[in-house]
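One structure is given below, encoded as structure tokens.
The values are calculated or read from the model by the stated rules, or taken from the named source; none is laboratory data. Quick caveat, the model's predicted, so the values are computed rather than measured. Cβ atoms come from the backbone with ideal geometry, glycine included; neighbour counts cover every protein chain shown. The protein model used for the area step is the full one, side chains on, heavy atoms only, and it has no ligands, DNA or RNA in it. Shrake-Rupley method; radii C 1.70, N 1.55, O 1.52, S 1.80 Å.
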Amino acid sequence: MSAETVELICPAGTPAALKAAIDAGADAVYLGYRDETNARNFPGLNFSRPELADGIAYAHDRGAKVLVAINTFPRAGQPEIWHQAVDDAARLGADAVILADIGLCAYAAKTHPDLRLHLSVQASASSAEAIRFYHQAFGIRRAVLPRVLTVPEIAALGAAVPVEMEVFVFGGLCVMAEGRCALSSYVTGQSPNINGACSPAAHVRYIEKGDKVISQLGGFTINTFGSGEPAGYPTLCKGRFEANGKLSYLFEEPTSLNTLDLLPELIAAGVTAFKIEGRQRGRAYVSAVVKAFRQGVDAIRRGERPPAFALDGITEGGRQTSGAYERSWR
Amino acid sequence: MSPQDRERSSRPVDPPFSPVLLAGLALAPVPPRLLQPLFDAILAVVRRRHPDILDRLAPYPEAVIGIDPVDLPFVLLLEPAPERPRLTVCRDFAGAETSALIRGPLAMLFALAEGRIDGDAAFFSRQLVFEGDTEVVLALRNAVDGAGIDLEADFAATLGPLARPLRHLVGVGSWVFGRLARDMDLVRSALLGPALRGADAQSARLGELEEEIGTLRRSLRHRESRA
Amino acid sequence: MSAADKAGKKAAEKTGKPGSLTLGPVLFNWPAETWRDFHFRIADEASVDSVHLGEVVCSKRQPFFEKYLAEVIERLTAAGKEVVLSSLALVMTERERQDVSALAEVAGMLVEANDVSVAAALAGRPFVIGPYVNVYNEGSLGYLAGLGAVRACLPAELPAATIAILARQASVEIELQAFGRLPLAMSARCYHARSRNLHKDGCQYVCGDEPDGMEVDTMDGKPFLTVNGTQTMSYHYLDLLPEIGALRRLGVDRFRLWPQSCDMVAVAELFRGVLDGRLDGAEADARLAELLPNVAFANGYIHGRPGNALVDEGLATG
């Protein structure tokens, strides 16, 4: 792979964000329907079928692609909701669908042999054998890699799989293997795999107590912020907990993945597509981050290092990490 | 607007001497009911130009969202019921059953509505505070962000023949308003323009408002001479 | 045979059988001798039908108990237990990939795939789908059955309604987790090491310090989760004793007990008693509470509630 062919895959939670992403230089946007068929099923977010049709037209007019995420696991007894989602994406001219469930992959491969299939990060395919399975069984053309691999592991994987590799380069960081985490449902009953929402807002409470703000999820305190501390959304793996008498961000600090500095190494490792997380974030975020990464990728194409840019203002807790890409993260 | 400059507390704090804070001082004596036509007009504009906002809020027909621009002397109640949405202006939330509250400086609320700032970022930095049903707040945030609102474009067209009394009001507080930058233009065009347009049909109220403006002018002159 | 005939035949088979008990693989890092003796006692005394062996959580632990693996398998097999080898759940490194390939080569024993890559390697021979493989619906279950799966231990978060649909339609044995701390998440990062300011590479095997995992409380002191190395588990112990009768009627064939450091022979005896109809579910539940007085129980998932919830009402099977 080379910097010439690498694609920038950008989040679109709404039609306005889709336009913002494409105007800022996205090669492709990914999005989901306004229902439980995608893993960002958040209130007020996502696309109706007519909005998807308009979005595809806007993107295609400007040479950009639209990838439709249908990456939750269909509910037993009601697969037709997910089947319809795939059918509609194909009918409306989506450039690919992003799937996680084995049964849904089988349906899409059989029903729409010409539809391009991408393997969602939610499928947690972390080895060459797993990715080869989805390729051989269903013809998936690209795998979005779980955020658990180091750069050398990605390079080794790239040499061993016959599909394109897409990796996350910016945004919210899952610290658990994606698609295999039941923490949210343990606390709230709502699961990313089933309902498409992690730490859903309906179960979030902010309680003001004196000069402190307490954030709770499903009745469990996830964090407390004193005056002067930046607050965070109570995603439960980014809370402060006590173990063996020590209070800490046991799983992960409230932080955002930022790999701008690692882009050249990721390209060298054979990565085809850079993905920016944040379908639940606003247009301002999408514009700023897409612009920065567009400049980064363009700089690499000219043989330069990606320019530094200040994204502190839009990262969680004002902090950044290169996550699992560096071995020391583990 | 650097976060370090801000005084930290559980309530969002606006920068010292923000234009909106000063506008808030100016608006303090204005009874909320006089401002109501303006918010009716705002809602009408939203319904006409951005029907998708209420569409995205359709799953919350019972919600009452309190919006508290902390630097203004009044608060808003938004009821997004699809058939009969309402945006009511009140002195405070006393007696109101809100399902959720959003507090923040008006400039930030506007910037949020226009998608100029990221809601998560604003919240992470504690400049916005949410209380109550977070899902409803998030739905509103996402719906508004997704609508691609441009306050100036949205409201410029609605100013109509009342541009003159509006300018009159703005002219009142040269001491205050002379310093106002773009933020105050937004306040002016968004808040006052449609209000006066709405008041056009109700000349009695318009008269009342003119009277308030007179009072305002006098009190501001007092301040100006003391300063 | 039509699908309806198949389902009918399966239902008839199920009503005749008492239901089976599985002892899951030990998920914690126990000293190798403790691990060996635990399984010897299970072989000699526990009324379970199948026993899983193997490292699921962290490949760094595997070398410790491997030296006792052969004798434990022998003892369990001699006692008439079915032995199933469980694979790692998160396969990333070259070493781990090799371990998985080796596992798939093992002849004459049933292997449990806890990662899709393992299921793929086992295709064409009978295998078990572990709870770390996402089987949420009939489409996935059917596909994996086509590869050779004969049994599936379903993910923890499924409600009874989903389980009923899968049990009705599946041609494979349906197993449910029924006792112990629930595996909730896996990570590349080791939280046990992190809690001691260490990294996974130089972890000093601190996960061995707590035989039932490291308890994690909220800031206001409420027990919340348990950390087991790279795995995050529930604080509560799952207990489906009161629901077993209803779940049997929904078509669940097997129940899995996750090993904890408590008296697992006694725990298994309670489940066996309920499955055999010797013991009432509520009565067995009360005895379990006496056996483990300091344990908090939960059963929320099966009732469609948050996993940490404890629901008293019975399970509707209509």
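Considering every residue within the range A:266-274, establish whether at least one is small (Gly, Ala, Ser), in contact with a helix residue (DSSP H, G or I) (Cβ under 7 Å, 6 or more places away or on another chain), in a loop (DSSP other than H, G, I, E, B) and in contact (Cβ under 8 Å) with a residue 12 or more places away in the chain.
Within the range A:266-274, one or more residues are small (Gly, Ala, Ser), in contact with a helix residue (DSSP H, G or I) (Cβ under 7 Å, 6 or more places away or on another chain), in a loop (DSSP other than H, G, I, E, B) and in contact (Cβ under 8 Å) with a residue 12 or more places away in the chain.
Tell me, yes or no, whether the range A:71-80 has at least one residue that is assigned to a helix (DSSP H, G or I), open to solvent by less than 40 Å² (accessible area, probe 1.4 Å) and in contact (Cβ under 8 Å) with a residue 40 or more places away in the chain.
no
What are the residues in the range A:27-43 that are outside any strand (DSSP E or B) and within 15 Å of the chain's Cα centre (by Cα), if any?
A:GLY32, A:THR37, A:ASN38, A:ALA39, A:ARG40, A:ASN41, A:PHE42
Checking B:LEU112 against (1) surrounded by fewer than 23 Cβ atoms within 10 Å (Cβ to Cβ); (2) more than 7 Å from chain A (Cβ to nearest Cβ); (3) assigned to a helix (DSSP H, G or I); (4) not β-branched (Val, Ile, Thr), only one condition comes out false. Which one?
In the conditions (1) surrounded by fewer than 23 Cβ atoms within 10 Å (Cβ to Cβ); (2) more than 7 Å from chain A (Cβ to nearest Cβ); (3) assigned to a helix (DSSP H, G or I); (4) not β-branched (Val, Ile, Thr), B:LEU112 misses (1) alone.
Filter the range A:205-225 down to the residues that are at pLDDT 90 or above and either facing chain B (nearest Cβ under 7 Å) or touching a helix residue (DSSP H, G or I) at 6+ places or on another chain (Cβ under 9 Å) (or both) and list them by number.
Selection gives A:GLN216, A:LEU217, A:GLY218, A:GLY219, A:PHE220, A:ILE222, A:ASN223.
Can you pull out the residues in the range A:103-144 that are hydroxyl-bearing (Ser, Thr, Tyr) and under 18 Å from C:LEU141 (Cα atoms)?
Within the range A:103-144, A:TYR107, A:SER124, A:TYR134 qualify.
Could you give me the residue pairs with C-beta distances under 8 Å whose first residue belongs to the range C:76-88 and is among the acidic types (Asp, Glu), whose second residue is assigned to a strand (DSSP E or B) and open to solvent by less than 10 Å² (accessible area, probe 1.4 Å) wherever it lies, and which are 6+ apart or on separate chains?
Listed by first residue and then by second, the contacts come to C:GLU82/C:SER50; C:GLU82/C:VAL51.
From the list A:GLY278, A:GLY228, which one is in a loop (DSSP other than H, G, I, E, B), open to solvent by 30 Å² or more (accessible area, probe 1.4 Å) and within 14 Å of chain B (Cβ to nearest Cβ)? Steps first, answer last, please.
Details: A:GLY278 fails: open to solvent by 30 Å² or more (accessible area, probe 1.4 Å).
Exactly one residue qualifies, and that residue is A:GLY228.
Inside the range A:87-192, counting only helices (runs of 4 or more DSSP H) that do not spill past its ends, which hold 3 or more residues that are modelled with pLDDT of 95 or more and within 14 Å of chain C (Cβ to nearest Cβ)?
Fully inside the range A:87-192 and qualifying: A:102-111, A:128-138, A:183-188.
Out of (1) touching a strand residue (DSSP E or B) at 6+ places or on another chain (Cβ under 9 Å); (2) more than 7 Å from every other protein chain (Cβ to nearest Cβ); (3) farther than 23 Å from C:PHE40 by Cα; (4) surrounded by fewer than 24 Cβ atoms within 10 Å (Cβ to Cβ), what's the single condition that is false for C:GLY124?
Every listed condition holds for C:GLY124 apart from (1).
Can you name the residue in the range C:143-192 that is free of Cβ contacts under 8 Å to residues at least 24 places away in the same chain and either in contact with a Lys or Arg (Cβ under 9 Å, 6 or more places away or on another chain) or open to solvent by 10 Å² or more (accessible area, probe 1.4 Å) (or both) and, of all such residues, is farthest from the other protein chains (Cβ to nearest Cβ)?
Looking at the filtered set, the residue picked out is C:GLY146.
Scan the range A:244-257 for residues that are modelled with pLDDT of 90 or more and open to solvent by 10 Å² or more (accessible area, probe 1.4 Å) and jot them down.
Scanning the range A:244-257 gives A:ASN244, A:GLY245, A:LYS246, A:LEU247, A:SER248, A:TYR249.
Looking at this structure, is C:LYS67 at pLDDT below 95, farther than 27 Å from C:ASN228 by Cα and surrounded by fewer than 16 Cβ atoms within 10 Å (Cβ to Cβ)? Break it down into steps so the answer makes sense when it comes.
Numbers: at pLDDT below 95: yes; farther than 27 Å from C:ASN228 by Cα: no; surrounded by fewer than 16 Cβ atoms within 10 Å (Cβ to Cβ): yes.
Criteria not met by C:LYS67.
Has the range A:35-49 got any residue that is surrounded by 24 or more Cβ atoms within 10 Å (Cβ to Cβ) and at positive phi?
yes
Out of the residues in the range C:127-142 that are facing chain A (nearest Cβ under 7 Å) and buried (at least 24 other Cβ atoms within 10 Å of the Cβ), state the one that is farthest from A:SER126 (Cα to Cα).
C:ASN137
For the range A:10-23, state whether one or more residues are away from every other protein chain (no Cβ under 14 Å) and surrounded by fewer than 24 Cβ atoms within 10 Å (Cβ to Cβ). Let's see the steps before the verdict.
Just the residues of the range A:10-23 that are away from every other protein chain (no Cβ under 14 Å), to begin with: A:10.
If we keep only those that are surrounded by fewer than 24 Cβ atoms within 10 Å (Cβ to Cβ) as well, we get none.
No, the range A:10-23 has no match at all.
Does A:LEU250 count as of a type in the set (A, V, I, L, M, F, W, C), in a helix (DSSP H, G or I) and more than 9 Å from chain B (Cβ to nearest Cβ)?
Values: of a type in the set (A, V, I, L, M, F, W, C): yes; in a helix (DSSP H, G or I): no; more than 9 Å from chain B (Cβ to nearest Cβ): yes.
Criteria not met by A:LEU250.
Out of the residues in the range A:195-204 that are open to solvent by 20 Å² or more (accessible area, probe 1.4 Å) and more than 7 Å from every other protein chain (Cβ to nearest Cβ), state the one that is farthest from the chain's Cα centre (by Cα).
This residue is A:HIS203.
Are there any strands (runs of 3 or more DSSP E) wholly within the range B:52-99 with 2 or more residues that are surrounded by fewer than 20 Cβ atoms within 10 Å (Cβ to Cβ) and of a type outside the set (Lys, Arg), and if so which?
Details: elements: B:65-69, B:75-79, B:86-90.
Per the criteria, B:75-79, B:86-90.
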